[in-house]
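The values are calculated or read from the model by the stated rules, or taken from the named source; none is laboratory data. Bear in mind that the values here come from a model prediction, so they are computed numbers and not experimental data. Don't worry about glycine lacking a Cβ; one is built from the backbone with ideal geometry, like all the others, and counts go over all protein chains shown.
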């Protein structure tokens with residue numbers, strides 16, 4: 001039989017940063033080291049300042065920065081581990097270490113929030129005297145430190161979830177510093193000491209949002225959910241539109257880590273089709289149009305599909 005000719009696959013479309021992320025195997029150790037040095041150093045300064053001024057907002061923010069320093073250590077470890085090649089036991093490599101680090105960061109943030117909220121609520125009823133001038137000075141320096149750390153982490157945070165977790169930690173710290181600055185200003189102006197506790201509660205709210213984003217994204221990947229920027233029905237339709245394809249079934253779409261999207265599926269082909277050409281066209285179309293990192297397709301004849309119970313799923 002004469003093989004069914006297949007048209008050339010369309011040219012790959014460019015993917016915006018919000019859709020297809022750059023693969024996560026780029027090394028980001030240097031920005032992490034810079035951010036870690038800034039965060040750890042100022043954590044000690046802010047803790048000492050919080051004890052000196054008796055400010056809950058500063059103490060809470062220093063605790064947050066301590067967790068962030070640990071998170072950056074984990075992120076640094078995960079970045080190094082993720083670069084290790086696959087082996088016989090871990091055939092997908094170590095990319096998921098980054099996702100596990102992000103999950104651990106989210107859980108740590110949730111635990112921290114409980115301690116801060118408990119102390120903040122207690123101080124609302126029984127406020128402590130506070131050195132507002134010292135609080136204002138230290139929290140202002142903290143904001144500068146957070147902005148500098150965020151500058152180092154912003155670009156790599158758009159490329160994988162591990163770096164995003166580190167960046168969100170620093171961003172939440174910056175919001176905490178802003179809340180402490182506002183509380184110090186209120187106390188200096190009005191002598192309303194409860195402003196410090198209110199700032200602690202606001203810091204906790206920011207931590208909760210940060211933790212929620214991390215937990216949502218990391219658990220979605222670990223549960224093998226389809227990446228949110230990819231539509232499995234659109235991918236199915238693209239495969240079905242290739243000449244020589246009778247049916248598409250058993251499609252599975254998942255992420256190893258952000259930027260590493262995988263797909264597997266079965267294609268029922270016309271008997272007269274050139275299967276090698278069909279596979280080549282399908283893979284080029286999927287990787288080019290949808291930015292998939294790895295595509296595994298099994299081509300079946302009609303009789304094989306009927307015996308296996310294949311259907312559109």
Inset, instruction - Spot the failing condition for residue 79; the list is (1) within 17 Å of the chain's Cα centre (by Cα); (2) under 22 Å from residue 111 (Cα atoms), and only one is missed. - result: (2)
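Residue-wise test of (1) assigned to a strand (DSSP E or B); (2) surrounded by 20 or more Cβ atoms within 10 Å (Cβ to Cβ).
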position: 236; (1), (2): no, no
position: 246; (1), (2): yes, no
position: 271; (1), (2): no, no
position: 282; (1), (2): no, yes
Legend entry - Selection status of residue 134, assigned by TED's automatic domain parsing to the domain that holds residue 217, under 30 Å from residue 196 (Cα atoms), surrounded by 20 or more Cβ atoms within 10 Å (Cβ to Cβ) and touching a helix residue (DSSP H, G or I) at 6+ places or on another chain (Cβ under 6 Å): no
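In the range 252-269, what residues are over 18 Å from residue 237 (Cβ atoms), in contact with a helix residue (DSSP H, G or I) (Cβ under 7 Å, 6 or more places away or on another chain) and part of a strand (DSSP E or B)? Before the answer, list the steps.
First, pick out the residues of the range 252-269 that are over 18 Å from residue 237 (Cβ atoms): 254-260, 262.
Now restrict to residues that are in contact with a helix residue (DSSP H, G or I) (Cβ under 7 Å, 6 or more places away or on another chain): 255-258.
Scanning the range 252-269 gives 255, 256, 257.
Taking residue 187 as the residue in question, decide whether it is surrounded by fewer than 23 Cβ atoms within 10 Å (Cβ to Cβ), at pLDDT 80 or above, in the same structural domain as residue 136 (by TED's automatic domain parsing) and assigned to a helix (DSSP H, G or I).
On the way: surrounded by fewer than 23 Cβ atoms within 10 Å (Cβ to Cβ): no; at pLDDT 80 or above: yes; in the same structural domain as residue 136 (by TED's automatic domain parsing): yes; assigned to a helix (DSSP H, G or I): yes.
So residue 187 does not fit the description; no.
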Legend entry - Out of 252, 266, 294, sole residue that is at pLDDT below 90, farther than 30 Å from residue 176 by Cβ and not assigned by TED's automatic domain parsing to the domain that holds residue 71: 294
Inset, instruction - Report yes if some residue within the range 234-246 is out of contact with any strand residue (DSSP E or B) (no Cβ under 7 Å at 6 or more places or on another chain) and within 18 Å of residue 92 (Cα to Cα); otherwise report no. - result: no
Inset, instruction - Answer yes or no as to whether residue 241 is outside the structural domain of residue 132 (by TED's automatic domain parsing) and farther than 20 Å from residue 163 by Cα. - result: yes
